[in-house]
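See structure below.
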Amino acid sequence: MVLGRAPQSKGAGVEDQPEEVQRLLEAIAALEGIKDDAACASAVTQVLNDWPDLHSRLREIRQQRVQALKAQGKTWKEIAEILGGIHPTRAQQIGAGLRGSKRPLKKEPDGG
């Protein structure tokens, strides 16, 4: 990552992102741009300490908005496109508040 530049999400140019997303990415770049190592590490730690709650809140906001889109008559396919082209089943899961789970690793067959 280059200092002073906000990271870009997959497939979307900065100009395609809502202002709020741009501001969040700029805030992360500003943290990265703090010259003093101790001040930077401290500031990032403060954000990371709050991140679990922020992450949960973002999921809740997304779920509420997906439910609102469905209530407006949008199909799961339309909602999936709005969410960046995910699978319609995943859009439905988000609307239901289901989180993606990590699948267990496949076991290698024994060689004997």
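The values are calculated or read from the model by the stated rules, or taken from the named source; none is laboratory data. Fair warning: this is a prediction, and the values are worked out from it, not measured in the lab. Reconstructed Cβ throughout: ideal geometry from the backbone, glycine too, with neighbour counts over all protein chains shown. Only protein heavy atoms, including side chains, enter the accessible area calculation; ligands, DNA and RNA are left aside. Shrake-Rupley method; radii C 1.70, N 1.55, O 1.52, S 1.80 Å.
Name the single residue that is farthest from the chain's Cα centre (by Cα) among those in region 31-48 being in a loop (DSSP other than H, G, I, E, B) and surrounded by 11 or more Cβ atoms within 10 Å (Cβ to Cβ). Walk me through how you get there before you give the answer.
Step one: of region 31-48, the residues in a loop (DSSP other than H, G, I, E, B) are 33-36.
Next cut, surrounded by 11 or more Cβ atoms within 10 Å (Cβ to Cβ) only: 33-34.
Working: G33: 22, I34: 24 Å.
In this case the residue turns out to be I34.
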First in region 87-112 and among the charged types (D, E, K, R), second anywhere and open to solvent by 70 Å² or more (accessible area, probe 1.4 Å) and modelled with pLDDT under 85, Cβ under 9 Å, 6 or more apart: none
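Over 14 Å from the mean Cα position of the chain (by Cα), surrounded by 14 or more Cβ atoms within 10 Å (Cβ to Cβ) and modelled with pLDDT of 95 or more: is that true of A80 in this structure?
yes
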Index of the failed condition, P88 passing every other in (1) touching a helix residue (DSSP H, G or I) at 6+ places or on another chain (Cβ under 8 Å); (2) open to solvent by 70 Å² or more (accessible area, probe 1.4 Å); (3) of a type outside the set (G, A, S); (4) at pLDDT 95 or above: (2)
Selection within region 50-75 - of a type in the set (A, V, I, L, M, F, W, C) and open to solvent by less than 60 Å² (accessible area, probe 1.4 Å): V66, A68, L69
